[in-house]
């Protein structure tokens, strides 16, 4: 199963397929512009899951006024930035490690613990599997069940956590399903994994979009469980994928120390370090983002629920997954029709366990969202 899944997630996702002739992954407008001949500034991208408000106005202003920082080296320990992360998250200062996007920290952590066999809750982001594979490990997927609306059955999951599993990988809330695992449920999973000496890596890339975030985030659990690492970043909620900044939270002092020792110095540039610190303190921007996403998510979900030809899964982040119920239409067909209207949504068939009936799109500004809903309704209903 691993070999087949590896081929699907690594070779299929993120490419323009020769057979289906359409674009699979979000965010790379260059590839779409080249393939379809549509200037990127004319495309409305519902595929990349990035905050539609753009970068924090406060951070934008401060970055513009402090470009001379480029002439200086960052603090090797990023002390001030880690203090701001500690205040923002409530995590202990000593438990925080920063990196060049969460991708660097995923790679660093997996390289360090070198799991021989990992279990990934899927369908989900393919980078976890790729990093495990690159370090010589094997990965299997625990498939979330569509009939349970992709909600996790913890007791069933336990049956997959055999003695030869070294690492459990969870994206919470999960991309692309939009489902989440509560903090109380995570504690049950962590207890079970600790009894079997299994590390747990939780990717909280989309956690700030969750309405009941305090009941979902695993950060408070980092003070209790030494087999846990939590990963976050500023790419999605803070609309800053180009700055390449991420951070990890781990309550295991020895593990944090070892990760810091093998980590390359100054992997975060001075502007990313400076800008990220400002973003985390911009309460007005954070509040405006949450209000917009919560409002649009509710409106869009309630609208899609009324459609007869799709099944929509309740979203908890800034995107929604739906399943086509018509036999005469596929995700690739819808993708092509929307591209003709200069709109991009994600054909989710590149994710493990999903097929050509599934699509995902993120929430942008109200008028853009309405434009997409109108187009989708014309095609599907």
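Values for this structure:
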| item | result |
| --- | --- |
| Point-to-point label distance, residue 146-residue 367, nm (Cα→Cβ direction, 7 Å offset) | 3.7 nm |
| Relative contact order of the chain, defined on C-alpha pairs under 8 angstrom at six or more residues apart (%) | 24 percent |
| Choice from 200, 98, 188 with maximal GNM fluctuation in the chain (Cα, 10 Å cutoff) | 188 |
| 15 Å cut-off, amide nitrogen to a point 7 angstrom out along residue 38 Cα→Cβ, residues in segment 316-358 | 332-347 |
| For segment 203-332: relative contact order, % (alpha-carbon pairs under 8 angstrom, 6 or more apart) | 21 percent |
| Against the rule of thumb 2.2 N^0.38 Å, how large the Cα Rg of segment 182-223 comes out | 1.19 |
| Two-decimal log10 I(q)/I(0) for segment 86-131, as the Debye equation yields it once each C-alpha is a single scatterer, q = 0.17, 0.28, 0.30 Å⁻¹ | -0.65, -1.05, -1.09 |
| Added length on full extension, which subtracts the Cα-Cα distance from 0.36 nm per residue, residue 197 to residue 111 | 29.2 nm |
| Dimensions in Å of segment 57-282 - Rg and Dmax from alpha carbons | 17.4, 56 |
| Residues listed by number, segment 320-351, amide nitrogen under 16 Å from residue 378 label point at 7 Å toward C-beta | 334-345 |
| Efficiency of FRET between residue 164 and residue 92 - r from beta-carbon atoms, R0 22 angstrom, step 0.05 | 0.10 |
| Inter-probe distance in nm under a simple model that places probes 7 Å from Cα toward Cβ, at residue 326 and residue 185 | 3.3 nm |
| Segment 57-282 - percent relative contact order, Cα under 8 Å, separation 6 or more | 29 percent |
| Segment 104-198: radius of gyration over Cα atoms, expressed as a fraction of 2.2 N^0.38 Å | 1.04 |
| P(r) of the chain over all Cα-Cα pairs, binned every 10 Å from zero, in whole percent | 5, 23, 33, 27, 11, 1 |
| Relative pair counts by distance (%), Cα atoms of segment 301-373, 10 Å bins | 19, 56, 25, 0 |
| Fraction of beta bridges assigned by DSSP in the chain that are antiparallel (%, nearest 5) | 50 percent |
| Fewest-first ranking of 214, 163, 203, 45, using other Cβ atoms within 10 Å as the exposure measure | 163, 214, 45, 203 |
| DSSP-defined beta bridges in segment 57-282 - what % are antiparallel, rounded to 5 | 35 percent |
| Interatomic Cα distance distribution for segment 44-183, bins of 5 angstrom, percent | 2, 7, 12, 14, 17, 16, 13, 9, 5, 3, 1, 0 |
| FRET efficiency for residue 333 and residue 298, using Cβ-Cβ distance with R0 set to 25 Å, rounded to 0.05 | 0.30 |
| Efficiency of FRET from Cβ geometry, residue 30 and residue 264, R₀ 22 Å, rounded to 0.05 | 0.20 |
| Residue-averaged 222 nm ellipticity for the chain, from DSSP H runs of 4+ at -39500 (n - 2.57), nearest 500 | -11500 deg cm²/dmol |
| Distance from segment 137-215 to segment 81-98 (C-alpha centre basis), Å | 23 Å |
| Residue among 30, 204, 281 with the largest mean-square fluctuation in a Gaussian network model of the chain, springs linking Cα atoms under 10 Å | 30 |
| Cα convex hull of segment 207-286, projected area averaged across orientations, nm² | 6.1 nm² |
| Square roots of 5 times each gyration tensor eigenvalue, C-alpha, segment 172-315, largest first, Å | 29, 23, 12 |
| Length added when fully stretched, residue 75-residue 135, from 0.36 nm per residue minus Cα-Cα | 18.6 nm |
| Choice from 353, 322, 192 showing the highest fluctuation, given a GNM over the chain with Cα pairs closer than 10 Å | 192 |
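Only the coordinates and a few stated rules stand behind these numbers; no lab work does. Predicted model only: the values in this text are computed from it and were never measured. Positions of Cβ are generated from backbone atoms using ideal geometry, with glycine treated the same way; all protein chains shown enter the neighbour counts.
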